[in-house]
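Scroll down for the structure; my scribbles are underneath it.
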Amino acid sequence: MLVDDEPANLILLEELLQLKGYATVSAVSGDEALEMARKSQPDLILLDIMMPEMDGFEVCSRLRQDSVLQTVPIIFLTALDDDMSRLRGLEMMADDYLTKPLNSRLMLAKVESVLRLSQMRSQAVTSDFNQQVKEQSKRQIAAAWEANEYLSEKFQLFVPEQLLERIAPQGVESIQLGNVTEAEMTILFCDIRGFTAIAESQEARETFEWLNAFFTEMNDRINSHGGFIDKYLGDAIMAVFDRPKSHPLDAIEAAVAMQESLHKFNADRHQYNLAYPVNIGIGINTGIGTIGTLGSARRMDSTVIGDVVNTASRLENLTKIYGCQIIVSESAIVQAREFINDGSDRSNSNSCLLLKCDLEREGQDSFTSDFQTPILDNQAASNNYYYRWIDRVMPRGKQQAIEIYEVWAATSLDSEKKQLTQPLFDKGIQAWQASKFVAALGYFQQLLAQNPADTVANFYLERCQEKLGLIPANSNRETT
């Protein structure tokens, strides 16, 4: 029996339970629930707490006073997430206490567990009393042990093991508000382009289906490269890479693998009623971050904070401006390159070709534009990639400009064209930095004639046209 004063909640619970083969009856108030329970004698009651007139605690109390219904299992489903409410639920002898928003898999597992335990208790009634007590105790201990292991596994779905090791090195019971560690790490932000338009064209259930399939693919790529997802932000992902020394390279390789995995996902997108391919933008930054627990004593969360996080988010936003799929900060590129050059067994024995172009900027020192041959991963050759310097930017909220790089997979469709047109790109950048906008425009026009898909070249072409007064200036530029 389902008891909730919100019809929408009842509909969702009915669908979830009926799909698993359970028969359900529903009540929208405490009085109706008591009357219906006396008539139908349900095997299990899922009971909301916050209801008008008679709340769930009162309903539970009356059921426990009824000689016929006092042993019916009760699971509270409520938005009340404080210790006092949980304690009161235990005092009412409820069998479990789950908070909203519900984790449907956890709820179904709880329902199954409670029903099985209730069935075992009913069967034991017919046996000898002493034997019943003995056997029931054994079952309860086993069930409690299994439930503890199950909940421990489920807990790691919400707090990754790597994060738990930092905020609670002595175990889950040691978690407390203010547990903090500081370390160098690499942050990856991934965001789905045009998600709102996609969601508006589908039913909510369809959106959740493909979004969870997408997140599963991205999570696998992140985990396989030593990272973990700190949080899901609607249609976005924030991932942390913290393996000593290798974390910048881990993050870059994970981003490339995510892009390659996205191609496979899009190939099967029609099963999710997706008319167009899903596109993503990824920003990566390396720096010092603080991992800890944040919130209050009654409601806390694990999180990562610091400039490294903010900058990674800004770089992800810049992918929209430059049309890139992956933008990486100079700090991440430099440390990834140093890790390889230091003799990592993940690097290829062949030396990398590095093309440098020393230019003069007004009021600035010379800068370096890098174009790198594929960095080979002997363990996963599909993760070969290229990178190139694309700009010096001043992201919103920062006081110092940073160098940013575009990264792309060697397997991408226009990778070969980007390699062939790199000399034109370097000349165009050199002319741009020297304020020779007519010359720069010519170089980028030549480049785009050979590779129209080069979004960064098109970005610079538009900047040249703005400087020459050929098109209106774009006030949204974040670049210096």
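Values in this text are rule-based calculations from the coordinates and carry no lab data. Worth saying up front: this structure is predicted, and the values here are computed from it rather than measured. We place every Cβ from the backbone using ideal geometry, glycine too, and count neighbours over all the protein chains shown.
Values computed for the structure shown
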quantity: Relative packing of peptides 318-325, 463-470 - highest average C-beta neighbours within 10 Å first; calculated: 318-325, 463-470
quantity: Scattering curve values for region 1-133, log₁₀ I(q)/I(0), Debye with Cα scatterers, q = 0.21 Å⁻¹; calculated: -1.36
quantity: Theoretical FRET efficiency, 1/(1+(r/R0)^6), r = Cβ-Cβ of ALA79 and ASP43, R0 25 Å, to 0.05; calculated: 0.50
quantity: Fully extended contour minus Cα-Cα distance, from TYR276 to GLN400, at 0.36 nm per residue; calculated: 40.8 nm
quantity: Length released on extending from LEU90 to LEU420, taking residue separation times 0.36 nm less the Cα-Cα span; calculated: 111.8 nm
quantity: THR216 paired with MET120, simple spin-label distance in nm, labels 7 Å along Cα-to-beta-carbon; calculated: 3.0 nm
quantity: Nearest-0.05 FRET efficiency for ALA8 and ALA197, computed from C-beta distance (R0 30 Å); calculated: 0.75
quantity: Computed lengthening from ALA204 to SER29, 0.36 nm per intervening residue step minus Cα-Cα distance; calculated: 60.2 nm
quantity: Label-to-label distance, nm, for residues given as GLN445 and LEU413 (7 Å Cα→Cβ offset); calculated: 2.6 nm
quantity: Estimated FRET transfer efficiency when R0 is 35 angstrom, pair ARG64-ALA109 (beta carbons, to 0.05); calculated: 0.90
